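The values are calculated or read from the model by the stated rules, or taken from the named source; none is laboratory data. Just so we're clear, the structure is a prediction, and the values are computed from it rather than from any experiment. Heads up, the Cβs are rebuilt from the backbone with ideal geometry, glycines too, and the neighbour counts pull from every protein chain shown. Side chains are part of the model used for accessible areas, which takes the heavy atoms of the whole protein and leaves out ligands, DNA and RNA. Shrake-Rupley method; radii C 1.70, N 1.55, O 1.52, S 1.80 Å.
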Amino acid sequence: SAFHSTIYFLIDGDTNRLARARALADTAYSIDADLAAVHIALGTLHYFGEQDYDRALEEYAIAANLEPNNSEVYSRIATAQRRAGRWEEALADAKRAVELSPREVGRLGTLGTTYLYLRDYSAAIRTFDRSIALRPDESYAYYWKTLAILLRGADRLIVYEAYQQPRPRTWLAVVVFHWRYTLRVLNEYVQDTVMARQLPSSNDFLDYSLAKATLYSTVGEIDLARAYYDSARAFLLDPEGGYRERLGQPQVHGALGVIYAGLGLKDEAIREAELGVELLPVSKDAMAGPGAVGSLAEVYVMVGEYDAAIDQLEYLLSIPAPISVALIRTDPIWDPLRDNPRFQALLEKYE
């Protein structure tokens with residue numbers, strides 16, 4: 001376990017450290033190729049370092065043959081299968097991992113998020129409740145349970161009460177980069193907290209600006225929203241800032257697309273959001289890819305390309321993704337589509 005954890009921590013996007021991780025794994029393999037830990041490490045290298053999920057699955061399968069009762073192996077297989085779009089297989093292996101280690105919250109987390117993407121929200125909530133009962137001090141399960149409740153279509157007050165459960169300091173980054181709709185849907189409950197938030201440290205500034213821009217836009221304070229969108233844009237593109245180095249990462253281009261849309265820069269917004277999808281298509285990563293598609297749909301509706309937005313929503317509803325009809329009906333960003341016959345037919349189809 002310590003060995004493949006070392007491999008994981010060496011993989012951080014730095015070419016030199018990735019090379020060190022690869023050399024370490026190759027050395028371990030040359031010493032003893034019959035250790036499951038060696039193949040888990042090689043799988044981790046392919047998964048995180050190269051995003052080669054097929055090769056990761058090959059290594060994890062060898063590890064499973066060597067240690068057929070190792071729950072970690074089945075959990076890792078499930079995570080790689082999800083990325084490769086093999087969702088039913090992922091669910092079966094995630095269940096197997098939990099059967100082998102029913103009190104391991106990491107295994108429960110993999111199973112719960114798999115249920116969520118497959119839109120079995122009741123099963124997801126039950127799974128996260130099991131995790132919370134085991135480790136009430138950890139915030140991971142609270143996040144995902146809140147999302148499952150929101151996607152299932154609960155009253156907003158119920159969602160907010162779940163949202164208030166323990167969360168780490170990074171909660172703002174989570175809701176802005178992944179769950180902007182949480183800010184929009186719960187705007188009347190969370191706006192006082194976010195609006196009153198003081199200027200954070202520089203590494204949180206982008207999330208801070210986007211959160212305020214999202215909320216001001218939702219409540220119709222367009223000038224204030226644009227001011228914060230512009231602050232986010234300037235920070236993101238600052239040639240001396242750390243975020244500029246992250247250009248090329250799909251989620252950053254998706255965020256930049258939303259920023260440009262908020263500033264009324266239609267062509268730039270579409271270009272950036274489409275680039276985010278191009279860099280991370282669902283065919284390459286079925287777990288993270290839908291997020292880029294969601295950002296593109298938001299951009300399209302923000303700049304008035306309503307048919308294009310509906311096209312993206314239809315695609316998202318047809319695949320495993322953290323979006324639902326109930327959420328779309330609640331999220332105010334889709335209000336311009338409410339009277340559109342195509343939009344109404346789409347929601348009825350996937351109700």
Discussion item. Please go through the range 137-148 and give me each residue that is open to solvent by 20 Å² or more (accessible area, probe 1.4 Å) and touching a helix residue (DSSP H, G or I) at 6+ places or on another chain (Cβ under 9 Å), ordered by number.
Written reply: E138, S139, Y140, Y142, Y143, W144, K145
Practice prompt. Scan L327, L346, L317, L263 and give me the residue that is at pLDDT 95 or above and either under 21 Å from S209 (Cβ atoms) or among the small types (G, A, S) (or both).
Written response: L263
Discussion item. Yes or no: the range 13-36 includes at least one residue that is at pLDDT below 95 and under 25 Å from F128 (Cβ atoms).
Written reply: no
Worksheet entry | Selected residue (criterion: nearest to R135 (Cα to Cα)) from residues of the range 145-159 that are without any contact (Cβ under 8 Å) to a residue 12 or more places away in the chain and not in a helix (DSSP H, G or I) | A154
Discussion item. Yes or no: the range 78-88 includes at least one residue that is at pLDDT 95 or above, under 20 Å from V38 (Cβ atoms) and not polar (S, T, N, Q).
Written reply: yes
Worksheet item: When you go through (1) surrounded by fewer than 22 Cβ atoms within 10 Å (Cβ to Cβ); (2) closer than 18 Å to I333 by Cα one by one for Y300, which number turns out not to apply?
Response: (1)
Worksheet item: Is one or more of the residues making up the range 107-124 open to solvent by 20 Å² or more (accessible area, probe 1.4 Å), at pLDDT 95 or above, in a helix (DSSP H, G or I) and closer than 11 Å to Y74 by Cβ?
Response: yes
Discussion item. Every residue in the range 269-297 that is of a type in the set (D, E) and surrounded by 22 or more Cβ atoms within 10 Å (Cβ to Cβ), please.
Written reply: E272
Practice prompt. Collect the residues in the range 303-342 that are open to solvent by less than 60 Å² (accessible area, probe 1.4 Å) and among the acidic types (D, E), keeping them in residue-number order.
Written response: D331
Worksheet item: Has the range 97-105 got any residue that is in contact (Cβ under 8 Å) with a residue 12 or more places away in the chain, in contact with a helix residue (DSSP H, G or I) (Cβ under 8 Å, 6 or more places away or on another chain), within 15 Å of A61 (Cα to Cα) and not acidic (D, E)?
Response: yes
Discussion item. What are the pairs with Cβ atoms under 7 angstrom where one residue, in the range 314-331, is over 10 Å from L150 (Cα atoms) and the other, located anywhere, is of a type outside the set (A, V, I, L, M, F, W, C) and outside any helix (DSSP H, G or I)? Sequence gap at least six, or different chains.
Written reply: L317/Y350; V325/Y350; V325/E351
Worksheet item: Can you tell me which of A56, A92, A133, A61 is open to solvent by 30 Å² or more (accessible area, probe 1.4 Å), assigned to a helix (DSSP H, G or I), without any contact (Cβ under 8 Å) to a residue 40 or more places away in the chain and closer than 25 Å to A21 by Cα?
Response: A61
Discussion item. Just the residues that are within 11 Å of T110 (Cβ to Cβ) and open to solvent by 40 Å² or more (accessible area, probe 1.4 Å), please, taken from the range 72-89.
Written reply: R76
